[in-house]
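In what follows, a structure is listed as structure tokens, so that the remarks can point back to it.
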Amino acid sequence: MTSYATQQLESYRFTQLAVDVACFVCGSDGAYERERCRHCSAPLALSLQAAEQKSPPQLISVLGAANAGKTVFLGLLLDMLSRQPDQLQILARGAFSVSLQQATMQRMREGRFPDPTNTEPEHWSWAHCQVKFANRRRTKELVIPDIAGSTTTEEIEYPGTSPVLANLFTKSTGGLLLLDASQLEASDSSVDYWAMKAVTYLAELKAPRRRGWDRRPLAIVFTKADRSDVCRDNPRLFAEKRAPGLVKQCEQRLRCFEFFAASAVGASAVQRGLQSSIHIPLRVEPYGFVEPFAWLADF
């Protein structure tokens with residue numbers, strides 16, 4: 001015997017999934033149920049969070065060549081500020097914003113530096129955080145991505161290669177430029193040339209009048225400063241001696257820039273293999289991480 005039953009259809013639930021959400025980074029529409037933007041691979045959770053706020057979050061660019069220490073810098077910085085009780089503190093927005101600091105700290109506890117960031121945008125880490133200042137009632141919302149150094153280099157060398165980065169750099173309100181101090185200490189001029197190209201690239205990006213990179217703050221951070229006493233004591237003097245081309249470019253093209261020195265470890269060792277050498281952190285002693293971020297967030 002066949003039995004019949006009446007079931008009410010709730011088709012309206014399917015229409016909710018058909019709503020398009022404009023990507024916070026590139027502005028393209030993406031389906032509501034997708035995890036990342038189909039064009040730039042930025043988490044669509046960023047767009048949903050930004051849509052709930054009266055003013056959208058500010059985007060901060062982090063530039064650096066491969067192995068400059070971007071992932072270590074961002075991971076340690078976010079972990080330090082998420083635990084810092086006063087002066088400057090950040091509060092992660094969304095679970096995806098904690099992934100970078102968690103992965104970085106896990107690798108450092110294992111006695112290893114994090115692996116280089118994958119070149120594919122869908123594997124990049126993004127952090128959306130609320131910044132709280134000790135002497136202010138108003139907070140600031142910032143979005144900081146961890147971009148692959150090789151992808152950044154390719155875009156700087158051949159502008160337009162990565163529309164994702166072009167949109168990101170154009171929309172950013174400020175940036176962190178990370179340079180390897182150990183290479184500069186060893187008289188490796190390629191770092192100076194790379195930095196000169198990066199500043200030139202940013203300065204020549206198309207932007208509305210009086211809103212270009214010549215008026216945006218750029219914090220230039222020399223990473224791995226534990227391998228250079230001069231760099232740690234006086235970053236500006238170190239830049240003038242080891243990267244004079246960069247200093248000249250900044251003075252001619254930028255109005256707001258400052259030099260900083262940072263180090264993730266107090267000491268490190270080198271494990272040499274047949275094909276390559278690996279640096280191993282011996283003592284995790286972060287130095288100079290908060291200062292450049294605090295300077296940048298103050299604008």
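The values are calculated or read from the model by the stated rules, or taken from the named source; none is laboratory data. All of these numbers come straight from a predicted model, not from anything done at the bench. Backbone-built Cβ (ideal geometry, glycine too); neighbour counts: all protein chains shown.
Being assigned to a helix (DSSP H, G or I), under 21 Å from Ser190 (Cα atoms) and modelled with pLDDT of 95 or more is the requirement here; does Ala219 meet it? No, not satisfied. Quickly run through segment 83-107 and pick out the residues that are part of a loop (DSSP other than H, G, I, E, B) and buried (at least 18 other Cβ atoms within 10 Å of the Cβ). Answer for segment 83-107, where residues must be part of a loop (DSSP other than H, G, I, E, B) and buried (at least 18 other Cβ atoms within 10 Å of the Cβ): just Arg93. The sole residue among Ala134, Ala195, Ala207, Ala166 that is at pLDDT 90 or above and either assigned by TED's automatic domain parsing to the domain that holds Val72 or within 17 Å of the chain's Cα centre (by Cα) (or both) is Ala195.
For every residue, the table says whether it meets (1) surrounded by 14 or more Cβ atoms within 10 Å (Cβ to Cβ); (2) at pLDDT 90 or above; (3) in contact with a strand residue (DSSP E or B) (Cβ under 8 Å, 6 or more places away or on another chain).
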residue: Ala65; (1), (2), (3): yes, yes, yes
residue: Glu120; (1), (2), (3): no, no, no
residue: Trp126; (1), (2), (3): yes, yes, yes
residue: Glu154; (1), (2), (3): yes, yes, no
residue: Ser162; (1), (2), (3): yes, no, no
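In the set (1) free of Cβ contacts under 8 Å to residues at least 40 places away in the same chain; (2) surrounded by fewer than 20 Cβ atoms within 10 Å (Cβ to Cβ), Tyr201 fails one condition alone, (1). One residue alone among Arg210, Arg253 is of a type in the set (D, E, K, R) and surrounded by 14 or more Cβ atoms within 10 Å (Cβ to Cβ), and that residue is Arg253. For segment 51-59, indicate whether the set of residues that are touching a Lys or Arg at 6+ places or on another chain (Cβ under 6 Å) and either surrounded by 23 or more Cβ atoms within 10 Å (Cβ to Cβ) or among the hydrophobic types (A, V, I, L, M, F, W, C) (or both) is non-empty. Looking through segment 51-59, at least one residue is touching a Lys or Arg at 6+ places or on another chain (Cβ under 6 Å) and either surrounded by 23 or more Cβ atoms within 10 Å (Cβ to Cβ) or among the hydrophobic types (A, V, I, L, M, F, W, C) (or both).
Of all the criteria given as (1) surrounded by 15 or more Cβ atoms within 10 Å (Cβ to Cβ); (2) more than 21 Å from Phe289 (Cα to Cα); (3) of a type in the set (Gly, Ala, Ser), the one not satisfied by Ser228 is (2).
Screening Ile156, Ile144 for residues that are β-branched (Val, Ile, Thr) and assigned to a helix (DSSP H, G or I) leaves exactly one candidate, Ile156. Residues that are crowded, with 17+ Cβ neighbours inside 10 Å and either in contact with a Cys (Cβ under 8 Å, 6 or more places away or on another chain) or part of a helix (DSSP H, G or I) (or both) within segment 171-196 comprise Lys171, Ala181, Ser182, Gln183, Leu184, Glu185, Val191, Asp192, Trp194, Ala195, Met196, listed in sequence order.
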